[in-house]
Number of protein chains: 2
Amino acid sequence: MIDITGQSCIAGHWFSPEGSKFQSFNPYNKTSMYQFASCGADDIDKAAKAAGKAFQAYRKLDGRTIGVFLNTIADEIEALGDQLLEVCDSETGLGLVRLTGERGRTCGQLRAFADLTTKGEWVQASIDTALPDRAPVPKPDLRRMMRAIGPVAVFGASNFPFAFSTLGGDTASALAAGNPVIVKGHPAHPATSELFAHAIVSAVEKCGVPKGVFSLLQGMGNELGTGLVKHEVIQAVGFTGSERGGRALMDIAAARPQPIPVFAEMGSINPLFVGPDTLQAQAENIATGLSGSVCMGTGQFCTSPGIVVSVANETFETTLKTKLSEAPRGYLLNPQIAASLQAGLENLNNHPQLEWLNRADFEAGSMTPPNAVFKTSGKNFLADKTLSEEVFGPVTLYVECENEAQILEVAENLNGNLTASVHADKDMELAEKLFDVLEQKVGRVIYNGYPTGVEVCPSQQHGGPYPASSVSTSTSVGVGAIVRFARFVAYQGTPDDLLPDALKNDNPLGIYRLVNGELTTASI
Amino acid sequence: MIDITGQSCIAGHWFSPEGSKFQSFNPYNKTSMYQFASCGADDIDKAAKAAGKAFQAYRKLDGRTIGVFLNTIADEIEALGDQLLEVCDSETGLGLVRLTGERGRTCGQLRAFADLTTKGEWVQASIDTALPDRAPVPKPDLRRMMRAIGPVAVFGASNFPFAFSTLGGDTASALAAGNPVIVKGHPAHPATSELFAHAIVSAVEKCGVPKGVFSLLQGMGNELGTGLVKHEVIQAVGFTGSERGGRALMDIAAARPQPIPVFAEMGSINPLFVGPDTLQAQAENIATGLSGSVCMGTGQFCTSPGIVVSVANETFETTLKTKLSEAPRGYLLNPQIAASLQAGLENLNNHPQLEWLNRADFEAGSMTPPNAVFKTSGKNFLADKTLSEEVFGPVTLYVECENEAQILEVAENLNGNLTASVHADKDMELAEKLFDVLEQKVGRVIYNGYPTGVEVCPSQQHGGPYPASSVSTSTSVGVGAIVRFARFVAYQGTPDDLLPDALKNDNPLGIYRLVNGELTTASI
């Protein structure tokens, strides 16, 4: 068992920050628990300098060594045993079943990136050999690959305390690409972050990688995050959270003397479209599936389906209402989210064109919200842009359209989203039109499915046009996330000895390379 | 022969803008020539709406059809014949030899992108097949590829009136990815832009692609560009020019309600490092090569070598001075660049720690500047950040260091650059240290060469850390430039009929795809 001390950690060194105090909160019994303190400007500077120094050695480690490091981090997370699950459950109310699954996913991510760096192919090596006799000018030898960019600041997310927080996907991908990471721990689960820091510090020691590759700075308020993004050593930012928070970081990063990229995964209402004939045929099934997706994680998923768009159907409406009302209430992560959901539900309830189909109490201070479904017409939805804004929690809005044309109009008027789902087995013409529109609006189009449950694999795309994410082409899930934290460097006319292994003549890594335009594993 | 009318062109429709008038300028005889007028807000809106509409059809064209279109544009450029070369020469003073070469490069780029889209592999298709029986949850079928992002605004560059202007690399790559383009023509070569617009309008007609895929808006001043970047239809920006101009567009784009990426290729001083023993052995050779690189295009290349860093060497200094003074003076592109170079040379000349080794007159109003070399010590260079700023023109600064350690220190203190060159055949230990530093600072490291002459091939990287470019990982030269104007979209559980060809089961395009993690051309 590890003592939760409330300390932060810079490059393996634990210390008690001197900033304002805060405590973690137990949503089950609404009591305060462990005490923490916020890091300040000096701590940011120390962590950044340690990261900058560590980068000089870490960036040059071979992919196998980084792979061993990432695998060891996963092992050390598992070695934290039940303490990690119990501490996190007490800070988040997410439950042991979900957290056990999320731990598996988190370690799985680290191991997937370990496989990726061990294989070494992710650098997209490309070689064009010289043509010294070409007229009018000789063609030089040019070779290009991705290299690490430098220290990365990662902002932990409240809703995925494992998979998108201290040692989640952003940290794993930044480390995999060869960059040190400074994590701003999420203040809603600081003890969980502290345990994770122990895991990686232990892995750093076992693998002998430079200590400055990881620091955890705990803190409340905006100053810590702002200071981190502004620090000249930081070369990129990973963030998962609200549109407001993400945009604030984007604006700060864009205003730096040297602007840096912010990879923010933000708000999304994840519309689900159902064709009229399909709804007729599968009303109960789809209502049941949708209800399960809305309630999952108490609606606190970035892919939670916030609107369902179809025509009128009584069976669907009744089933959806009943299933949501019958589903057990879950716990919200923290009082801020509870208060914000309270306000969101009140707004929707007071909206003159909205009907709360299964109205239920949600008294102030409660951490267990009702699973809510509202209804409005397609016309009203189209008339009010605010209805396209995310309400974070187990809430969905049934947009009842007049016909297929109006369903399409709703699709055409969507903002950027992470996902859109289409159920249209009996409406294939509509499905085709919807896909045409939706693939322009979202990162992932789902057929006959529900958006929650984000598979971690190379073909995953978790990210979409703004405001779903800040850089629409990048993904924060799946091994494709690694390219966010690397950039291409070309080497011209360079002797073999000065080239990275991925570009050397005899292809010592045995990777696929684009040689004079053709993919091959051959030597030069 | 095409009449130069001074009109702009929206979606194939030629019209006379109503904004302020301007004329193109002949640097050879300093006379004004063709008359133009600036487009306004209404013109921007019309071009954007036409682009938005065209996008809906153009984005779905298959790669072969886009390839034919790009090849036809190249053919139509060639069909403009000598008129294009002569008009452009009269507007830029670049000379027919250079412009003939640049035309070849421009058509070569278009044809390279045609090959790319015809082959279809650039979309990075990836497929992970379903595991319906996986426990605890089934694995869905996921497929991912790059898709076009939407209308792109391209800002023509003054220094490459063909290769980086109206139908240059930005336009070619945006069109190749499936996006309409609106070009803001550079006011220093408007007649050249007008001729190019005729070429693409003709190609649009011959190929039957939607007319809104191309518009040319001519104009002076900042309003046109600002309005274009702010327009909600525009989804990305391509720019080649000054740091000041690029940063202004970055700031505007970042402040939009929906921020969009700006791919700006900006300032760079392209340092050239020479090891002490290598300088000793090859002083004359390197001075001669460097002089040629400095004078190329009257120093108006983004890769022009603005500083050379080594130790003291009299032969080198004398040869460099002599070669630069003996080289014929070239013409500058326009009076703005001439005035700015005049001011730049005066600043350098007045700098107390700088010596102008081959001081020569450059009277106000002249379009033919001296080929200048200044000298300072490593210590003075390190003490004054302003000496790292680009002076656009045939100017280089010899930074005379005390020893290898100081040479390295100069490298470590560099800002982001497009390129860095290393001559160190007799200083391999230093070369290794320099490569270690420089690959963190630049997009392309060159061994035993000079930075001018940017080969167009898949392994080229033209772009580097800020301020060399706005998005350090992207390249504006080579077929890799296409990914700037596309984003990944994933399709989950989607029937074959609804999938793009690149992701269909039987691989109708016959392209390499990452199937369950392995590259293959096999069917599913």
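The values are calculated or read from the model by the stated rules, or taken from the named source; none is laboratory data. Note that the structure is predicted; figures quoted are calculated from it, not measured. Glycine also receives a Cβ, built like all others from the backbone with ideal geometry; neighbour counts cover every protein chain displayed. Areas reflect the complete protein model, heavy atoms only, side chains present, ligands, DNA and RNA absent. Shrake-Rupley method; radii C 1.70, N 1.55, O 1.52, S 1.80 Å.
Please identify the pairs in which a residue from region B:358-370 that is under 9 Å from B:Ala338 (Cβ atoms) has its Cβ atom under 8 Å from the Cβ atom of a residue that is of a type in the set (Ser, Thr, Tyr) and open to solvent by less than 20 Å² (accessible area, probe 1.4 Å), counting only partners at least 6 apart or on another chain.
From residues that are under 9 Å from B:Ala338 (Cβ atoms), the pairs are B:Pro369/B:Thr298.
Given the options B:Arg98, B:Arg105, name the one that is within 21 Å of B:Ile200 (Cβ to Cβ) and more than 10 Å from chain A (Cβ to nearest Cβ). Quick ask: steps written out before the conclusion?
On the way: B:Arg98 fails: within 21 Å of B:Ile200 (Cβ to Cβ).
Only one candidate qualifies: B:Arg105.
Which pairs have Cβ atoms under 9 Å, sit 6 or more apart or on different chains, and link a residue in region B:1-14 that is free of Cβ contacts under 8 Å to residues at least 60 places away in the same chain and under 10 Å from B:Leu216 (Cβ atoms) to one that is open to solvent by 50 Å² or more (accessible area, probe 1.4 Å) and assigned to a loop (DSSP other than H, G, I, E, B)?
If the second residue must be open to solvent by 50 Å² or more (accessible area, probe 1.4 Å) and assigned to a loop (DSSP other than H, G, I, E, B), the pairs left are B:Trp14/B:Thr5.
Output the residues belonging to region A:1-22 that are open to solvent by less than 90 Å² (accessible area, probe 1.4 Å) and within 19 Å of A:Gln83 (Cβ to Cβ).
Answer for region A:1-22, where residues must be open to solvent by less than 90 Å² (accessible area, probe 1.4 Å) and within 19 Å of A:Gln83 (Cβ to Cβ): A:Ile2, A:Ile4, A:Thr5, A:Gly6, A:Gln7, A:Cys9, A:Trp14.
Residues in region B:262-280: is at least one over 21 Å from B:Val152 (Cα atoms), part of a helix (DSSP H, G or I) and among the β-branched types (Val, Ile, Thr)?
To start, the set of residues in region B:262-280 that are over 21 Å from B:Val152 (Cα atoms) comprises B:267-280.
When the remaining residues are screened for being part of a helix (DSSP H, G or I), the result is B:276-280.
Next, from what is left, pick out any that are among the β-branched types (Val, Ile, Thr): B:278.
Yes, because at least one residue in region B:262-280 is over 21 Å from B:Val152 (Cα atoms), part of a helix (DSSP H, G or I) and among the β-branched types (Val, Ile, Thr).
Among the residues of region A:186-199, which ones are farther than 16 Å from A:Met1 by Cα and open to solvent by less than 10 Å² (accessible area, probe 1.4 Å)?
A:His189, A:Pro190
So, of the residues in region B:497-519 that are assigned to a strand (DSSP E or B) and over 13 Å from B:Val123 (Cβ atoms), which turns out to be modelled with the highest pLDDT? Give the derivation first.
Filtering region B:497-519 down to residues assigned to a strand (DSSP E or B) leaves B:513-515, B:518-519.
Going one step further and asking which of them are over 13 Å from B:Val123 (Cβ atoms), we end up with B:515, B:518-519.
On the way: B:Val515: 97, B:Glu518: 89, B:Leu519: 89.
Only one residue fits best here, namely B:Val515.
Does A:Glu400 count as in contact with a Lys or Arg (Cβ under 9 Å, 6 or more places away or on another chain) and in contact (Cβ under 8 Å) with a residue 60 or more places away in the chain?
Against the criterion (in contact with a Lys or Arg (Cβ under 9 Å, 6 or more places away or on another chain) and in contact (Cβ under 8 Å) with a residue 60 or more places away in the chain), A:Glu400 qualifies.
Is it the case that some residue within region B:261-271 is surrounded by fewer than 19 Cβ atoms within 10 Å (Cβ to Cβ) and more than 18 Å from B:Phe160 (Cα to Cα)?
No, region B:261-271 contains no residue that is surrounded by fewer than 19 Cβ atoms within 10 Å (Cβ to Cβ) and more than 18 Å from B:Phe160 (Cα to Cα).
May I ask you to verify whether B:Thr494 is of a type in the set (Ser, Thr, Tyr), open to solvent by 10 Å² or more (accessible area, probe 1.4 Å), assigned to a loop (DSSP other than H, G, I, E, B) and in contact (Cβ under 8 Å) with a residue 12 or more places away in the chain? Explain how you work it out, then say what you get.
Details: of a type in the set (Ser, Thr, Tyr): yes; open to solvent by 10 Å² or more (accessible area, probe 1.4 Å): yes; assigned to a loop (DSSP other than H, G, I, E, B): yes; in contact (Cβ under 8 Å) with a residue 12 or more places away in the chain: yes.
Criteria met by B:Thr494.
Determine which single condition B:Pro180 fails, assuming it passes every other condition in (1) open to solvent by 10 Å² or more (accessible area, probe 1.4 Å); (2) at pLDDT 95 or above.
(1)
If you take the residues of region B:500-514 that are open to solvent by less than 10 Å² (accessible area, probe 1.4 Å) and within 11 Å of chain A (Cβ to nearest Cβ), which of them is farthest from A:Ser459 (Cα to Cα)?
Here the residue is B:Ile511.
Applying the selection to region B:475-487, what residues are open to solvent by 10 Å² or more (accessible area, probe 1.4 Å), more than 8 Å from chain A (Cβ to nearest Cβ) and modelled with pLDDT of 95 or more?
Within region B:475-487, just B:Arg484 meets the criteria.
Answer yes if at least one residue in region A:315-328 is closer than 30 Å to A:Ile482 by Cα and either in contact with a strand residue (DSSP E or B) (Cβ under 6 Å, 6 or more places away or on another chain) or assigned to a helix (DSSP H, G or I) (or both), and no otherwise.
no
Which residues, counting only those in region A:213-239, are closer than 23 Å to A:Phe36 by Cα, open to solvent by 10 Å² or more (accessible area, probe 1.4 Å) and in a helix (DSSP H, G or I)?
A:Glu223, A:Thr226, A:Gly227
Within region B:45-59, track down each residue that is assigned to a helix (DSSP H, G or I) and out of contact with any helix residue (DSSP H, G or I) (no Cβ under 6 Å at 6 or more places or on another chain).
B:Asp45, B:Lys46, B:Ala47, B:Ala48, B:Lys49, B:Gly52, B:Phe55, B:Gln56, B:Ala57, listed by residue number.
Quick one: is B:Ser377 in contact with a Pro (Cβ under 9 Å, 6 or more places away or on another chain) and surrounded by 15 or more Cβ atoms within 10 Å (Cβ to Cβ)?
no
Given the criteria without any contact (Cβ under 8 Å) to a residue 12 or more places away in the chain and open to solvent by less than 50 Å² (accessible area, probe 1.4 Å), does B:Gly52 qualify?
No, not satisfied.
So, in region B:334-346, exactly how many residues are exposed (fewer than 14 other Cβ atoms within 10 Å of the Cβ) and over 12 Å from B:Ala372 (Cα atoms)? Reasoning before the result, please.
In the first step, residues of region B:334-346 are kept if they are exposed (fewer than 14 other Cβ atoms within 10 Å of the Cβ); the result is B:336, B:339, B:343, B:346.
From the residues that got through so far, the ones that are over 12 Å from B:Ala372 (Cα atoms) too are B:336, B:339, B:343.
Summing the residues that are exposed (fewer than 14 other Cβ atoms within 10 Å of the Cβ) and over 12 Å from B:Ala372 (Cα atoms) in region B:334-346 gives 3.
List the strands (runs of 3 or more DSSP E) inside region A:65-166, counting only whole elements, that have at least 1 residues being crowded, with 24+ Cβ neighbours inside 10 Å, among the basic types (Lys, Arg) and touching a residue at least 40 places away in the same chain (Cβ under 8 Å). Talk me through it step by step, then tell me what you get.
Numbers: elements: A:126-128, A:142-148, A:152-155.
Strands (runs of 3 or more DSSP E) meeting the threshold: A:142-148.
Given (1) of a type in the set (Asp, Glu); (2) in contact with a Pro (Cβ under 9 Å, 6 or more places away or on another chain); (3) over 17 Å from B:Gly169 (Cα atoms), where does B:Glu102 come up short, assuming only one miss?
Here B:Glu102 meets the rest and fails (3).
Consider A:Val471 against the criteria (1) surrounded by fewer than 24 Cβ atoms within 10 Å (Cβ to Cβ); (2) free of Cβ contacts under 8 Å to residues at least 24 places away in the same chain; (3) facing chain B (nearest Cβ under 8 Å): it satisfies all of them except one. Which criterion is unmet?
(2)
What's the number of the condition B:Arg329 fails, among (1) closer than 30 Å to B:Ser24 by Cα; (2) open to solvent by 40 Å² or more (accessible area, probe 1.4 Å); (3) at pLDDT below 95?
That leaves (3) as the condition not met.
Where the second residue is part of a loop (DSSP other than H, G, I, E, B) and open to solvent by less than 50 Å² (accessible area, probe 1.4 Å) and the first is more than 8 Å from chain A (Cβ to nearest Cβ) and of a type in the set (Asp, Glu) and lies in region B:251-265, which pairs have Cβ atoms under 7 Å and are six or more apart or on separate chains?
Within 7 Å, the pairs are B:Glu265/B:Cys302; B:Glu265/B:His462; B:Glu265/B:Gly463; B:Glu265/B:Ser476.
Restricting to region A:299-314, name every residue that is outside any loop (DSSP other than H, G, I, E, B) and either over 29 Å from A:Pro276 (Cα atoms) or out of contact with any Phe, Trp or Tyr (no Cβ under 6 Å at 6 or more places or on another chain) (or both). Break it down into steps so the answer makes sense when it comes.
Taking region A:299-314 and keeping what is outside any loop (DSSP other than H, G, I, E, B), we get A:299, A:307-311, A:314.
A:Gly299, A:Ile307, A:Ser310, A:Val311, A:Glu314, listed by residue number.
Let me spell it out: the conditions are (1) in a helix (DSSP H, G or I); (2) surrounded by fewer than 24 Cβ atoms within 10 Å (Cβ to Cβ), and B:Leu175 meets all of them except one. Which number is the exception?
Unmet condition: (2).
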